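The values are calculated or read from the model by the stated rules, or taken from the named source; none is laboratory data. Here the structure is a predicted model, which is why all the values come from computation and not from measurement. Positions of Cβ are backbone-derived with ideal geometry, glycine not excepted, and every protein chain shown enters the neighbour counts.
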Amino acid sequence: MDPSQLDLERIMIFEHVRITAEAAYKRNPYDADNLTKWGEALLELSQLLQFGDLNESKNMIQDAISKLDEALSINPVKHEALWCLGNAYTANGFFNLDHDEAQVQFEQAAECFLKAVDECPGNEHYRQSLVNSSKAPELHNEFVKQGVFNQTQQSSGGGSAAASKTKVKSKTKNSDLKYDICGWVILAVGIITWLSMAKSHMPQ
């Protein structure tokens, strides 16, 4: 199956999750599990749709943050929501060219990862995300210096972005949820690769 077909199938899956979660929210707005699933689906879609419209991806991330914040207002110790929220803040940070504003996002992400680790200390993905969060500001500075963000914005939807995305997906499958520096490089260009793997321990 070619990558574009796989992307289309994943878009359909997570759009269905989003629609289902939205309908469930109307019946019960106090279901933290449902809100977490909704936030996760939005983050997935922001990754998958990034090649089409970078601003749309940013808006989806903001919407995901809103849903995850709402989930945590209901259940402040829900570690899945905390971890997803940390990923969303990290993505926001890398989308931001201003170092000070990005730093605020990275600090918020680190707080979320730390809380997730506190609530579920045996989860290696949470622990690795927390470790990686300390590297985010330095990497952000490097990407700004090298003009990575400008290239990304100019090529969103272009061949180079598509090629990079294909490589990222291949690496993600082979890494079996291994969060390393490349994960932050991926985030720097607005692709939240590890979120697609979160299903292994997200509530069903």
Taking interchain pairs and intrachain pairs at least six residues apart, which have beta carbon atoms under 8 angstrom, with the first residue in segment 101-128 and farther than 16 Å from E80 by Cβ and the second β-branched (V, I, T) and modelled with pLDDT under 95?
Q105/T90; F106/T90
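A quick yes/no check of all residues on (1) over 25 Å from K115 (Cβ atoms); (2) polar (S, T, N, Q):
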position: T36; (1), (2): no, yes
position: L54; (1), (2): yes, no
position: M60; (1), (2): no, no
position: V77; (1), (2): no, no
Looking only at segment 21-52, count how many residues are surrounded by fewer than 20 Cβ atoms within 10 Å (Cβ to Cβ) and either farther than 19 Å from L82 by Cβ or modelled with pLDDT under 90 (or both).
10
Output the number of the condition that I13 fails; it satisfies all remaining conditions of (1) modelled with pLDDT of 90 or more; (2) crowded, with 16+ Cβ neighbours inside 10 Å; (3) not polar (S, T, N, Q).
(2)
Going through segment 74-106 in order, the residues found to be of a type in the set (D, E) and at pLDDT below 95 are D98, D100, E101
Any residue at all in segment 62-76 that is among the basic types (K, R), closer than 30 Å to E9 by Cβ and either touching a residue at least 60 places away in the same chain (Cβ under 8 Å) or assigned to a helix (DSSP H, G or I) (or both)?
yes
Among residues belonging to segment 107-143 that are in a helix (DSSP H, G or I) and basic (K, R), point out the one that is surrounded by the fewest Cβ atoms within 10 Å (Cβ to Cβ).
R127
Would you confirm, using the coordinates I've provided, whether K37 is assigned to a helix (DSSP H, G or I), in contact (Cβ under 8 Å) with a residue 12 or more places away in the chain and of a type in the set (D, E, K, R)?
yes
